[in-house]
Amino acid sequence: MVTERFFEQRSALTDALSSEIVQRVRDGVAARGQASLVVTGGSTPGPLYDALGRADAPWAQTWLTLTDERWVSVDDPASNEGLVRRRLLQGRVAEARLVGLKTAADAPAEALEALEQDLAALPRPFDAVILGMGADGHIASLFPHAEELATALDTSRPDLAAAIERSGADGSSHRVSLTLRALLDARYIAILIEGEGKRDAYRRVQTETDTLAAPVRALLTQDHVPVDIWWAP
């Protein structure tokens, strides 16, 4: 259920993906009275978030949460929530309700019980999940061969969030991530990648056979949720 949506220009990708997300928000609110989006951090989605901020959509009836978070304060430059607040929760989208993943707990593992309750209260299935992909094939903070990875990928478990320790990871080695079960509790998944290096990485993980070595394969090989790969140079 993977569709490749490749563009020659990043601006064209941004316009098309923005329209896709806005339509899914509108459809969710029209059908169920509310919509929910899962959004990612990093530098790549910034222009998309700017475009969404200009879009006319029922944002006041929309819930937002994050694919993952570094265990840093929201005002830290490495915070995914901080990025979302600066780039997405602007303009009309400021009316949306954001459920962040960072809490006052000292470590991600200590926050899981509260996070499970917060995530369970969101409208699900999510109307759309926006993910990035690392050059190593990681999604959210589900890193290859992380000690907690096998558990986080186990969809037979009820967990919606996992505490991940990744020594040397950018921003913070202490992370919290949505589990595969949570990510797949969605009507649509968009994986946003840009540049020749990421396209090559995407082609490489397609040849992998071990999901623990390339966690994105857990999305590419499932047949329950449509997944689009959005790429531009």
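Counting only residues that are within 19 Å of A114 (Cβ to Cβ) and touching a residue at least 24 places away in the same chain (Cβ under 8 Å), the range 152-171 holds 8 of them. Checked across the range 179-193, the condition of being surrounded by fewer than 17 Cβ atoms within 10 Å (Cβ to Cβ) and of a type in the set (D, E) holds for no residue. Determine if the range 23-44 includes at least one residue that is free of Cβ contacts under 8 Å to residues at least 40 places away in the same chain and under 22 Å from A135 (Cβ atoms). Checking the range 23-44: at least one residue is free of Cβ contacts under 8 Å to residues at least 40 places away in the same chain and under 22 Å from A135 (Cβ atoms).
Residues in the range 10-32 include none that are outside any helix (DSSP H, G or I), at pLDDT 95 or above and either more than 20 Å from the chain's Cα centre (by Cα) or not aromatic (F, W, Y) (or both). Taken over the range 189-233, residues that are aliphatic (A, V, I, L, M), part of a loop (DSSP other than H, G, I, E, B) and either touching a Leu at 6+ places or on another chain (Cβ under 8 Å) or within 22 Å of A128 (Cβ to Cβ) (or both) amount to 3. Looking only at residues of the range 63-76 that are under 16 Å from the mean Cα position of the chain (by Cα) and not acidic (D, E), we find that the one that is nearest to A109 (Cα to Cα) is R70.
Could you check how many residues of the range 76-121 are in contact with a strand residue (DSSP E or B) (Cβ under 7 Å, 6 or more places away or on another chain), of a type outside the set (V, I, T) and in a helix (DSSP H, G or I)? The number of residues fulfilling the criteria is 10.
If you filter the range 98-114 down to residues that are under 16 Å from the mean Cα position of the chain (by Cα) and in contact (Cβ under 8 Å) with a residue 40 or more places away in the chain, you find that the one that is farthest from D228 (Cα to Cα) is K102.
The values are calculated or read from the model by the stated rules, or taken from the named source; none is laboratory data. What you see is a predicted model, and the numbers here were worked out from it, not measured in a lab. Reconstructed Cβ throughout: ideal geometry from the backbone, glycine too, with neighbour counts over all protein chains shown.
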